[in-house]
Amino acid sequence: MHILRTAFALSMLLAAAPVFAVKPFVADYNANWKGVSAKAQISLSQASGNRWNYELSINNSLGSSSQITVFDEQGDTLRPLSGVDSTQLLFKKMQKNATYDWTQNEARWTGDVKPDRSGPVKLQAGDLDGMLINLAIVRDVAAGKSMNYRMVDNGVARPQTYQNMGKDTVTIAGQPRNATKVGRDSDGKQVIVWVVEGIPTPARILQRKDGKDELELTLRSVH
């Protein structure tokens with residue numbers, strides 16, 4: 001009986017354990033941004049306690065772009081706390097700052113934003129910003145879950161549903177890897193993401209607007 005009780009207790013612990021564990025990484029990408037080749041990096045680092053910094057940076061001859069999200073973990077939920085989105089293009093510079101106040105359950109934006117995009121937007125449990133959806137997709141593909149999200153970003157809240165588009169091959173560091181291809185097509189934008197088992201970040205991301213490529217990232221290495 002003792003063995004059975006121990007086995008049962010262990011099975012309950014495993015069932016309760018989160019499927020997805022957030023771990024630090026640095027991923028380098030080859031990129032194409034605004035029609036010009038670029039270098040990009042996505043990194044995840046622990047800030048303090050269960051707070052994390054998640055950052056995307058892109059650089060090419062036209063300029064640079066950076067998106068930083070600070071989030072925490074609530075069980076198996078990734079919860080945005082703040083964000084900074086900045087772009088430098090020749091003589092033009094823009095920056096938007098986001099604050100997600102989970103005490104008041106509202107999000108607000110400051111900086112280079114239109115008055116009707118400053119908020120507040122009412123928050124709901126499970127809301128993500130645009131950056132965190134990348135992590136959520138990797139997590140949910142690995143767990144075989146549906147990919148239905150509510151994105152609260154840039155002053156609006158929108159439902160986003162990604163569909164499984166089947167298997168594909170992505171070449172990473174000269175080696176072909178099997179990938180799961182998922183995507184969405186809404187609001188005049190198409191986003192396709194390739195996920196490779198065991199890699200904590202998308203192996204490839206393609207964003208299109210009105211049929212034209214806006215951004216493409218292809219993984220070179222991750223550590």
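Just so you know, all these numbers are worked out from the coordinates, no wet-lab data involved. Since we're looking at a predicted model, the values are computed, not measured. Positions of Cβ are backbone-derived with ideal geometry, glycine not excepted, and every protein chain shown enters the neighbour counts.
Placing +1 on the Cβ of each Lys and Arg and -1 on the Cβ of each Asp and Glu in the chain, which of VAL170, GLN67, ILE199 has its Cα farthest towards the positive end of the resulting dipole?
VAL170
Tell me the net charge near LEU128. Cut-off is 12 Å between Cβ atoms, LEU128 excluded, with +1 for each Lys or Arg and -1 for each Asp or Glu.
Within the 12 Å Cβ shell, the charges total 0.
Would you mind checking the pairs LYS145/LYS181; LYS114/LYS181; LYS34/LYS93; LYS122/LYS209 and listing those with alpha carbons more than 23 angstrom apart?
Values: LYS145/LYS181 14 Å; LYS114/LYS181 35 Å; LYS34/LYS93 16 Å; LYS122/LYS209 27 Å.
The answer is LYS114/LYS181; LYS122/LYS209.
What angle do you read, to the nearest 10 degrees and between 0 and 90, between the alpha-carbon axis of helix 2-16 and the longest principal axis of the chain?
Value to nearest ten degrees: 10.
Could you list the residues of segment 131-152 with an amide nitrogen less than 19 Å from a label point located 7 Å from the Cα of ASP101 in the Cα-to-C-beta direction?
152
If you wrap the chain's Cα atoms in a convex hull and average its projection over all directions, what's the area in nm²? Please report the intermediate quantities before stating the final value.
Working: hull surface 60.4 nm².
Over all viewing directions, the chain projects a mean Cα-hull area of 15.1 nm².
Place a point 7 Å from Cα of ARG220 in the direction of its Cβ. Which residues in segment 25-43 have their backbone N less than 15 Å from it?
Answer for segment 25-43: 26-33, 37-43.
Report the FRET efficiency, 1/(1 + (r/R0)^6), for LEU90 and ALA143, where r is their Cβ-Cβ distance and R0 is 41 Å, rounded to 0.05.
Between LEU90 and ALA143 the formula returns 0.40.
Mind listing which chymotrypsin sites (Phe, Trp or Tyr not before Pro) in segment 68-142 are in a DSSP loop and have 11 or fewer other Cβ atoms within 10 Å?
Loop-located and lightly packed - PHE91.
Could you calculate the contour length gain from SER48 to ASP116, that is, 0.36 nm times the residue separation minus the distance between their Cα atoms, to one decimal place in nm? Please report the intermediate quantities before stating the final value.
Working: separation 68, 0.36 × 68 = 24.48 nm, distance 3.36 nm.
The span from SER48 to ASP116 would gain 21.1 nm if fully extended.
If R₀ is 22 angstrom, what is the calculated FRET efficiency for the pair THR161 and LYS39, using the beta carbon separation as r and rounding to 0.05?
Rounded to the nearest 0.05, the efficiency is 0.10.
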